[in-house]
Amino acid sequence: MLPHRSLAAGLAAVALLASCASLEEDEARVRARFGATGGMADLQGALGFQIGQSGVVNPVGETTLGDLGLTDGDAVPGFEVEVDLGSPRLLISSVSSGASGTGVLASQFELLDDAGGFGTEFVRFEPGTQLASSLDLAVHRALLLFGVARTESFDAAVGLGLEALDIRGSFTGQAGLYDPGGQVGPVQERTARIDSLLPLPVLAATVEKDMGLLSLGGEVRWVEATSGAKDASVLSYDVRARFGPWRYFDVVLGYRANRMDISYQSDGQSAVVDVQLSGPYVGFGMSF
């Protein structure tokens with residue numbers, strides 16, 4: 001499930017931890033956290049893609065993930081690394097899920113032809129086509145946070161960072177083959193794909209209340225942006241309870257939701273990616 005990009009994020013996190021290994025204990029706290037959800041992920045939203053012909057951008061329709069049979073996600077693995085220097089504080093995380101199923105298109109779908117590699121030929125699925133679909137989603141985040149209120153038992157911070165939607169999907173059904181000049185292949189069973197990484201800047205805020213062995217915390221990330229024919233909206237949150245009776249080890253139970261709504265038109269192509277990945281999770285953390 002998105003192994004190469006998740007591996008790259010993990011290696012970056014390891015390098016970050018190594019760079020902080022020489023810090024004295026009273027100068028910084030480095031917390032590494034690795035966890036997984038305790039159940040199934042809930043996937044919601046809609047997808048729409050249109051490549052068009054001869055540079056003409058057509059209005060793009062949307063088909064819900066439910067219509068495509070993509071509502072029950074796999075168990076959601078993830079990791080989080082926190083480097084706490086007092087202020088600022090750096091958070092890096094990644095969470096991923098996937099789903100597969102069969103559904104019926106509500107709107108026209110145009111995607112690159114899987115057999116054609118990264119060429120210009122694309123597959124056109126008409127409304128009403130039955131598709132065998134698979135979708136892998138990952139949400140990566142990197143935040144730099146600055147404390148605005150910190151005591152021995154309470155911490156509040158605001159900051160900015162990046163949130164990236166990593167989406168890979170394949171869709172198989174009856175379709176014709178096209179290039180920008182028109183139809184170049186008959187209607188037959190074909191497979192189309194999407195493979196995109198969509199990063200967006202976000203504003204973030206976190207709070208945490210320490211009650212001894214138990215701490216309660218929350219995080220919100222948000223952005224609304226429009227630039228030309230591109231629109232983007234992000235609203236993500238995380239609430240959690242952390243139990244740490246041990247000096248270097250704790251466990252965490254929480255709930256997170258990541259909602260990203262992105263639409264754009266560029267070079268004869270248009271797309272709508274409106275997805276939400278949410279669910280409870282349980283994990284563990286090590287601090288040193």
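Every number in this text was worked out from the coordinates using simple rules, so none of it is lab data. Just so it is clear, the model here is predicted, and its values are computed rather than measured. Cβ placement follows ideal geometry from the backbone for every residue including glycine, while neighbour counts extend to all protein chains displayed.
The table for this structure:
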read-out	value
P(r), alpha carbons of segment 179-288 - 10 Å bins starting at zero, rounded %	11, 29, 23, 18, 11, 6, 2
Calculated FRET value between residue 227 and residue 160, using beta carbons and R₀ = 22 Å, to 0.05	0.80
